[in-house]
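The next block holds one structure in the form of structure tokens; read it before the comments.
Computed from the coordinates by the stated procedures, all read-outs in this text should not be read as laboratory data. Worth saying up front: this structure is predicted, and the values here are computed from it rather than measured. So basically every Cβ, Gly included, is an ideal-geometry build from the backbone, and we count neighbours across all protein chains shown.
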Amino acid sequence: MNNSFANTARLLSAGLRALLVLTVLTGIVYPLAVTGVAQALFPTKANGSEVTYDGNVVGSSLIGQQGYSLDYFQPRPANGLGENSLNTRYKLILSGATNLSADNKDLIKQVEDAKAKVVKDNSVPGYTVRPSEVPADAVTSSGSGLDPDISPAYADLQVHRVAERNSLTVAQVRRLVDEHTQGRTLGFIGEPRVNVLELNIALKHLAANK
């Protein structure tokens with residue numbers, strides 16, 4: 001009886017010590033070490049890849065925003081996002097895709113409506129957008145609905161409209177797009193892309209100093 005109690009107490013004590021040690025290591029030491037390394041080597045990314053303009057944080061380079069006026073470059077649609085009345089900049093309570101199949105009638109209508117709007121919004125005097133020129137990312141949301149980037153093709157399609165609305169030349173705006181076009185990661189991963197928030201900040205600066 002006494003031996004059984006002693007063994008149980010010994011096992012319980014060993015288990016508690018192991019729990020304490022692992023709690024300290026994995027719950028305190030490891031997170032602090034990872035945080036310290038991240039802050040030392042990658043401070044911008046560790047703090048959310050915040051983008052500032054005129055001294056104020058205006059967003060993250062990792063999260064797409066909705067609600068830009070037609071004076072600016074438009075992001076991808078965000079049909080999969082939940083909405084609320086509190087966060088008016090991002091208008092979301094969750095992220096995600098629409099989860100609609102390619103032959104779903106609602107998705108087909110969304111794409112057709114989005115394409116018609118892209119054609120209408122970006123056709124300006126002297127430049128008409130044809131439906132066949134509208135790239136896929138202009139009419140479909142990403143898997144998360146938070147994609148901060150658009151394709152160079154979609155950015156180029158918007159150049160004439162943006163130039164007209166900001167009293168800039170097409171050459172000036174196209175040069176801005178070229179300067180903000182990023183190539184494939186490591187030269188072979190993914191596709192070339194343009195960060196909409198960073199491009200619009202550069203556009204605002206250019207328009208203000210023309």
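Listed values, structure above:
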read-out: Three-way shape call for segment 99-161 based on the alpha-carbon gyration tensor, with the a/c threshold at 1.5; value: oblate
read-out: The chain, relative contact order [Cα under 8 Å, separation at least 6], %; value: 19
read-out: Kirkwood Rh, angstrom, segment 2-43 [1 / mean 1/r, Cα pairs]; value: 12.4
read-out: 0 to 90° range, to nearest 10: angle between helix 196-208 axis and the chain longest Cα axis; value: 50
read-out: For VAL124, residues with placed amide H under 5 Å, excluding near neighbours; value: VAL129
read-out: Convex hull volume of segment 137-180 per residue (C-alpha atoms, cubic angstrom); value: 76
read-out: Shape call, segment 131-210: gyration tensor on alpha carbons, a/c limit 1.5; value: prolate
read-out: From the C-alpha gyration tensor of segment 1-83, square roots of 5λ in Å; value: 53, 19, 7
read-out: Residues ILE63, ILE189, ILE150, sorted so that the one with the fewest Cβ neighbours within 10 Å comes first; value: ILE189, ILE63, ILE150
read-out: Cα centroid separation, segment 1-75 to segment 136-187 (Å); value: 33
read-out: Structure-based [θ]222 nm, the chain - -39500 (n - 2.57) summed over DSSP H runs of at least 4, per residue, nearest 500; value: -13500 deg cm²/dmol
read-out: Cut-off of 10 Å, at most 13 other beta carbons, DSSP loop: longest stretch of the chain lacking such chymotrypsin sites (Phe, Trp or Tyr not before Pro); value: 69-187
read-out: Under the Debye formula (equal points on every Cα, no solvent term), log10 I(q)/I(0) of the chain at q = 0.07, 0.09, 0.13, 0.14 Å⁻¹; value: -0.35, -0.50, -0.85, -0.95
